[in-house]
Amino acid sequence: MLKATVSSVEEKDDEQEDEGEEELRDGGVPFFVNRGGLPVDTETWERMWRHAARIHPTGEALAKEIRGVSDLPKIPVPSVPTYQPTTTIPQRLEAIQKYIRELQYNHTGTQFFEIKKSRPLTALLDIAKEMTREALPIKCLEAVILAIYLTNNMPGVERFPLSFKSHFSGNHFYHIVLGVHSGGRFGALGMSRREDLMFKPLEFRTLMELVQEFEGAYRGYWHTLRKIKIGQYVSHDPHSVEQIEWKHSILDVDKLSKEELRKDLERHTRDMRLKIGKPAPPSPTKDRRNSMGSPLKGPNSPFRRISRVERRPSGERKVLDQKSADINGYQIRV
């Protein structure tokens, strides 16, 4: 009976992961998400202070100490990194990580920016822009979206989500970073309370080496790494309405041998490269969509004309079957 209970708890835990709710728990302790946008509404603001008082060692004294002061020191606002044309990719990634770190980790128990994993990329990038304007402390999932935004104008850098599930002292812990790949090397960007669970310089030859680096860091905190989820490369198109593929590969680390893990990671690396070989067409902006005419009017789009003909009623197709069209040297027979 106990075994069945443990199994049901694990199944429920996996269901929460599938729904993208793992970031709402921090070591088994739930935290709130500000769903009302900014500026924070009164109800969310007071709830944040009550929750902070419950989880902080000094409790209510902390809230009174801060809220009762009218002349708190002004917090410096970090500047979004800018680069010279000669700045190398590794140097740019280090500057981005420095900026993310300067925003500081959010210890309030309330995540300020709501990140829905199912939202299209363009909407998530809009949230990242808001992060740069507000310069508030962030958690790991917010840092991933921000890092995607800050690397979006680097076509030579491929990005993919890399998340971890670890176990320690009866609790499961969830963490996510943004894996990066450029020049044949892997690295990572992110935010964590632990210095060695976020940024990794662009120096790992394989995805296996990068994962082993994180696994070693977890061991240093007596955590057992249970599961790794790896997504596909994220599009560089700022107007893309595609969803980020967060978990193309799900690896049960405690059930795989080292060789099996290596093979699975090599397979995932090949899958990511295949996506680069077949990029999705860019999504037009709203203005471009309004100005675009019918595909039939464009002399340089014979493939679209074929698709239109294929969707016509059978009576029209029979007439068109008797002739061919010559468009810019292409013979199209329908």
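The values are calculated or read from the model by the stated rules, or taken from the named source; none is laboratory data. If you're wondering where the values come from, they're calculated on a predicted model, not measured in any experiment. We place every Cβ from the backbone using ideal geometry, glycine too, and count neighbours over all the protein chains shown. With ligands, DNA and RNA removed, areas are computed over all heavy atoms of the protein, side chains included. Shrake-Rupley method; radii C 1.70, N 1.55, O 1.52, S 1.80 Å.
Quick notes
- Across the stretch 38-155, counting alpha-carbon atoms alone, Rg and Dmax equal 16.7, 51 Å.
- Out-of-range pairs (alpha-carbon distance over 21 Å; input LYS227/LYS255; LYS98/LYS139; LYS117/LYS229; LYS116/LYS139; LYS139/LYS275): LYS139/LYS275
- Residues SER169 and VAL69, FRET efficiency given R0 of 45 Å [Cβ-Cβ distance, rounded to 0.05]: 0.80
- Shown in residue order for the stretch 52-68 are the 3J(HN,Hα) couplings computed by the Karplus curve 6.51 cos²θ - 1.76 cosθ + 1.60 at θ = phi - 60°: 4, 5, 6, 9, 8, x, 8, x, 4, 4, 4, 4, 5, 5, 8, 6, x Hz (x for Gly and Pro).
- Ranking ALA147, THR132, SER169 by Cα position along the charge dipole of the stretch 130-173, where only Lys, Arg, Asp and Glu carry charges on their C-beta atoms, puts SER169 farthest toward the positive end.
- Loop sites in the stretch 130-219: trypsin sites (Lys or Arg not before Pro), DSSP, at most 11 other Cβ within 10 Å: ARG205
- Value in Å of the Kirkwood radius, where the stretch 131-217 supplies the Cα pairs that are averaged: 13.6 Å
- Taking the accessible area of the stretch 163-209, probe 1.4 Å, and keeping the other protein chains in place, the carbon and sulfur fraction comes to 44%.
- In the stretch 213-257, the chymotrypsin sites (Phe, Trp or Tyr not before Pro) that fall in loop regions by DSSP, at most 13 other Cβ within 10 Å: TYR221, TRP222
- Each of ASP126 and LYS258 was given a label point 7 Å from its Cα along the Cα-to-Cβ line. The distance between the two points is 4.9 nm.
- Separation between Cα centres of the stretch 160-223 and the stretch 61-114, rounded to whole Å: 21 Å
- Sites HIS107 and ILE250 - FRET efficiency at Förster radius 25 Å, r taken between beta-carbons, to 0.05: 0.25
- Between LYS98 and ARG35, the FRET efficiency estimated from the beta carbon spacing at R0 = 30 angstrom works out to 0.50.
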